[in-house]
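Reading through the structure tokens given below for one structure.
What follows is calculated from the coordinates using simple rules that are stated; it is not laboratory data. Small disclaimer: the values here were computed from a predicted structure and weren't measured. All Cβ positions, glycine included, derive from the backbone under ideal geometry; neighbour counts span all protein chains shown.
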Amino acid sequence: MTASRTSRRILATALAAGTLIGAAALPAAADSHHRHADRSTVVIGKVQYNSPGRDDRSNRSLNGEWVEVMNTGRHAVNLRGFTLTASDGARYRFHGLRLEGHSAVKVHTGMGRDTSRDVYQDRHNYVWDNHRDTATLRNDSGRILDTAMWGRAHHMGTRHH
């Protein structure tokens, strides 16, 4: 066998091996990308579950408790149909709010005028338990995007994505 012929066989074998390795790697790369694409950029941020001051059920006190919903991504997200739910089942449903990229909105318990930064549940009673509760954020299909828990076994900021 000549050197030229041997070189061509080695090159052909290396190219074939490289093609097989590359083809085997494609599904793993696609699968990894798919998992990342499923991760939501809309999450729960800060939670003020214990309204500052006296708990007198005044509108000011009710609006002192809130949950922040953040868009950590670059692109705007329409929150229409998304829900924020407490452990006791109290639920707030978003109505057509466009949350810009890298921004947040506070969901207050009491009454007020909705803006791009603050929305109001228009309730007359507190939603978030001061001692133990869970806030759950779901998308318009009902899929859980994020939770925040506090209380005996948890502390503020405990989150599950």
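Just to confirm a number: summing +1 for Lys and Arg and -1 for Asp and Glu over residues other than Y120 whose beta-carbon lies under 11 angstrom from that of Y120, what do you get?
Summing Lys and Arg as +1 and Asp and Glu as -1 gives 0.
Among residues other than N50 whose Cβ falls under 13 Å from its Cβ, what is the net charge (Lys/Arg +1, Asp/Glu -1)?
So the environment of N50 carries a net charge of -1.
Around D140, with a cut-off of 12 angstrom between Cβ atoms, what is the net charge of the other residues, counting Lys and Arg +1 and Asp and Glu -1?
Around D140, the surrounding residues sum to +4.
Name the residues whose placed amide hydrogens come within less than 5 Å of the amide hydrogen of L97, ignoring near sequence neighbours (fewer than 5 apart) on the same chain.
Amide H to amide H, under 5 Å and 5 or more residues apart or across chains, L97 pairs with L79, R80.
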